[in-house]
Every structure is written in C-alpha cells, then in structure tokens.
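Comments concern the structure below.
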Amino acid sequence: LSSEYPVEVDLPPPTELKPSYDVVIIGGGGHGLAIAYYLSKYHGITNVAVLEKAYLGGGNTARNTAVIRSNYLTSEGVRFYAESVKLFQNLSNEFDFNIMYSERGQLTLAHTDATVRAFRQRAEVNRHFGGRTEMIDRQQIRELVPTLNLDPGHLPVLAGLWHIDGATARHDAVAWGYAKQAAKRGVEIHQLTEVQDLVIEHGRITAVKTNRGTVKCGCAVQAIAGASSLLLAKAGIRAPIHTYPLQAMVTQPFKPFLDPLVSSSALHCYVQQTSRGEIVFGGGSDPYPLYNTRSTLDLKESLLAHAIEMFPFMANAKLMRQWAGITDMTPDYSPIMGLSPVQNYYLDAGWGTWGFKSTPICGKTMAELVASGGKVPDLIRPFALDRFSTFQQVNEMGATAASH
Ligand code: FAD
C-alpha cells in the first residue's frame, strides 16, 4: 500500500474528444469510473470515454457519509451488497492507493417491539445470504458504545442489530482509485463535459451530444445519480424516480470515543466518528422533491435534537459544515440496474441514499452487462427497470431509512 494520504489523483492531461468510442459512460462519479475500470480490467475494453459534466466524484460520491454495509432485508439485497463489501475489503490493494477502508461495525437501535421482531428477521436473512449480523441486548450495547444514552426520552432502546461488516472508506479516494486505474489501461476521462442530449435511431443509441460536440458510441451507460430522470426523459424512458435533497453535517474533531457506526430509524439519525475525529450526522431525505444542494436550518435543528438525545454530551459540540446531495429515490428503495427500452443504453440509476456502498459490485456487474452486449448478470437481474411493471419490487425501505 502507498503510505501517502491520498489527496489527488494523477490523470493524463485532458485531450480532445475522439469522434467515436465503443462505450460512452455518462457520469464520472464512483459508479461510472468503476464501470470503466472493470471494463478495462476484466474485459479488455478500453476504447471507453467517461464524460463528467463537472469534476471527478464531485456529485454524490463526494457528498455521502461513506456507510458501507450489507445488512439489508431481502435476499436479493443482502446477496448484492455482501459482494460489494467483499470487493471493498481489497480495494486499496487493487488500486495500490489507500481508500482508508475502516471496518467498525454498524449498530442499529430498536426502540419498539415491532422493530425488534423486524431486526430478528433481518439478522436471519443476513446470516443466510452472506452478511455478518446478530441481535444484541442493552448490556452488550452499553459495552459497545458506553457514551450512548439508552433511554432517550420517550424511546428507550430495547435491543440492537449488530452488523460486524459495517465499515467506512474515504469516498473520494474510491473515485480517484478507479479513475487512476482505468486511465492507466487507456480509458479516457473527460471532465467539464456534459451530455446534453442523446441520439437514438431505430431503438438504439448512436451518439451523445455534449457541450464539446457530438460523440458517436457503440453503446452508452448512464450513471448520473441524482440527475437520472433528466437523461431518461431525453431517451424517452419512464422510470418511477422522485428526486429529493439529502443533507449531512459534521462537527469539530473530538478524541476518539465512537468506533461503531450508530443509527436509529425511530430518531431519524445516524452518527459516526471519522478517522479525523469529526462526528458526522445524517438523517432522512428532505420531505419535498427538489433539485438543489442547499443546507436548511430545519434539518439542522431536527437532526441535532435527535443526535443530542443519543449522545447528550454533543450539545456542546460545534458544527463545522453542512451540505447536501441530490438523490433519486425509487418506490422500493432499491436501485435500477440493467437494460432499458433503448437497446444498447444501460441504466445505473435510482441509487437514492444508499449507492456508495454498492460502487464496486455495481461497477463490476454493469461492466459484465456491457461487455456481453446485454446479458444481465444474475446478481443484478432483480433490480431491472421492468420490475415496476411486473410487480416484482425489492422492498428495502425498512433497511434503508436513516442507515444509508
Ligand atoms: P455521483 O457521484 O453523483 O456521480 C454522478 C456524476 O454524474 C456526477 O459527478 C455528476 O456531475 C455527473 N453528471 C450528471 N449529469 C450529467 C450529464 N448530463 N453529463 C455528464 N455528467 C453528468 N450511500 C451509501 O452507500 N452510504 C452512505 O452513507 C450514503 N450517505 C449519503 C449521504 C448524503 C448526504 C448523500 C447525498 C448521499 C448518500 N449516499 C450514501 C448515496 C450515495 O452517495 C450515492 O448513491 C452514490 O454516491 C451514487 O454514486 P454515483 O457515482 O452514481 O453518483
């Protein structure tokens, strides 16, 4: 491993766009870059351009709170995210670039009998499909997180879902690592290049129109997180996506006091301490659809009130930053991956508030899909767009909420 703290990535200097590529990937976030990397690494496909309208990883990849976990509710979800956790564990070695992967475990609090029952089911499903998750009682919670208030006002903690695989990583290093390795294999990465329209002829995409001209393509993938609906509309594709801001905030640094990630859906709050000692708070999405990354006082007040119920000493903490990203929510809180009604236009969308943790496995499986010319890998088959018309949704709402 390189011992250097990753602060920037060496990429080849910007070049002119070529008139045509085998694969155009729209969106230079973690997902788009991961697809490019796995295409070049496992399939020898390198005539690839990643087109990013702003700068690498400047979208939700750089805005998320970096929670990595696989303790989902459905067999489809657990299988998929557990594979991602495995890939994350070796990513620093694979990149020769430290993504600061840190396995701390995630503790989700149950405040009602109904939640305890649901958590028991989650623990069973997890164990069965590859996640390390178990129920723990109040005494075990006390030992794990001595600073946690187990009796916040009206909602005493009854038990916890302890997910040993819960982890964090430096999110932008993940984007940089993929970018560096993809570029080394010949992938072109074009920043400040916005895809403004799609050229679709006889049900196939033939080119994308950008602010730097038109580029022909053998096929294209859209991996643009909170902007998915905008390009789907250009492709004439309908998807049940609603777009909401999601905010987070961070305090001044403290001495290490909190190793696990702690979350409570009932309190709409999750808390973690970064390797720099800062405390990150996050919660649910804003309650109205909007394309805007402003921070609000409303969210700050409600989120911090709950955070202080969990960790009362934080009442004296100073907040350093608050920010937002734009998230594309689906009705079942699962992503949309795979084929689209446009024959050679592939979808990596609907990642809502939970897509950072899936970056490696989504990249790997989407690359398989693209390289095979449209054969959908088993792991992502359940997340097809047409599940919304065939009523085969993958309901992860209960396992997403304020846990991300
Ligand atoms: P992005 O990183 O957003 O990349 C998409 C890129 O596409 C952007 O860089 C954008 O500029 C570019 N783009 C958009 N339109 C165009 C266009 N027309 N042409 C060219 N480029 C375009 N997930 C977790 O797993 N764990 C968490 O703890 C977590 N916490 C979160 C906290 C917050 C506050 C937010 C906002 C999100 C959180 N998420 C979390 C969700 C996660 O961040 C996203 O699902 C994930 O980063 C999506 O990755 P991406 O590469 O698809 O998107």
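The values are calculated or read from the model by the stated rules, or taken from the named source; none is laboratory data. Quick caveat: nothing in here was measured; it's all calculated off a predicted structure. So basically every Cβ, Gly included, is an ideal-geometry build from the backbone, and we count neighbours across all protein chains shown. Accessible surface areas use protein heavy atoms only, side chains included; no ligands, DNA or RNA. Shrake-Rupley method; radii C 1.70, N 1.55, O 1.52, S 1.80 Å.
At a glance:
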quantity	calculated
Odd one out for K364, checked against (1) under 20 Å from S403 (Cα atoms); (2) outside any strand (DSSP E or B); (3) under 21 Å from the mean Cα position of the chain (by Cα)	(1)
Total residues in region 358-375, condition open to solvent by less than 20 Å² (accessible area, probe 1.4 Å), of a type in the set (S, T, Y) and more than 11 Å from the ligand (Cβ to nearest atom)	1
All helices (runs of 4 or more DSSP H) inside region 74-161 with 1 or more residues being farther than 24 Å from M397 by Cβ	75-89, 91-95, 138-144
Candidate set from region 333-357 (those that are over 26 Å from C217 (Cα atoms) and among the small types (G, A, S)); member that is nearest to the ligand (Cβ to nearest atom)	G355
Failed item, numbered, when G130 is tested on (1) open to solvent by 10 Å² or more (accessible area, probe 1.4 Å); (2) at pLDDT 95 or above	(2)
Inter-residue pairs, beta-carbon under 7 Å, first more than 15 Å from V342 (Cβ to Cβ) and in region 366-387, second of a type in the set (K, R) and open to solvent by 20 Å² or more (accessible area, probe 1.4 Å), 6+ apart	L379/R79
Matching residues in region 86-99 - criterion: being modelled with pLDDT of 95 or more and not polar (S, T, N, Q)	K86, L87, F88, L91, E94, F95, I99
Strands (runs of 3 or more DSSP E) contained entirely in region 171-287, each with at least 3 residues that are among the aliphatic types (A, V, I, L, M) and open to solvent by less than 30 Å² (accessible area, probe 1.4 Å)	204-210, 213-222, 242-253
Test: residue in region 310-332 that is more than 15 Å from the ligand (Cβ to nearest atom) and among the polar types (S, T, N, Q)	yes
Matching residues in region 39-64 - criterion: being surrounded by fewer than 22 Cβ atoms within 10 Å (Cβ to Cβ), within 14 Å of the ligand (Cβ to nearest atom) and either closer than 21 Å to R104 by Cα or polar (S, T, N, Q) (or both)	A62
Meets criteria (more than 24 Å from the chain's Cα centre (by Cα) and of a type outside the set (G, A, S)) for L161	no
Residue match in region 234-257 (condition: of a type in the set (G, A, S), free of Cβ contacts under 8 Å to residues at least 40 places away in the same chain and more than 11 Å from the ligand (Cβ to nearest atom))	no
Residues of region 376-392 satisfying the condition of being open to solvent by 20 Å² or more (accessible area, probe 1.4 Å) and under 17 Å from Y81 (Cβ atoms)	D378, L379, R381, P382
Residues (over 21 Å from R120 (Cα atoms), open to solvent by 30 Å² or more (accessible area, probe 1.4 Å) and in contact (Cβ under 8 Å) with a residue 12 or more places away in the chain) located in region 135-156	T147, N149, G153
Qualifying residue in region 88-102 (condition: in contact with a Leu (Cβ under 6 Å, 6 or more places away or on another chain), open to solvent by 30 Å² or more (accessible area, probe 1.4 Å) and not small (G, A, S))	yes
One residue from S295, S389, S403, S358 being hydroxyl-bearing (S, T, Y) and at pLDDT below 95	S403
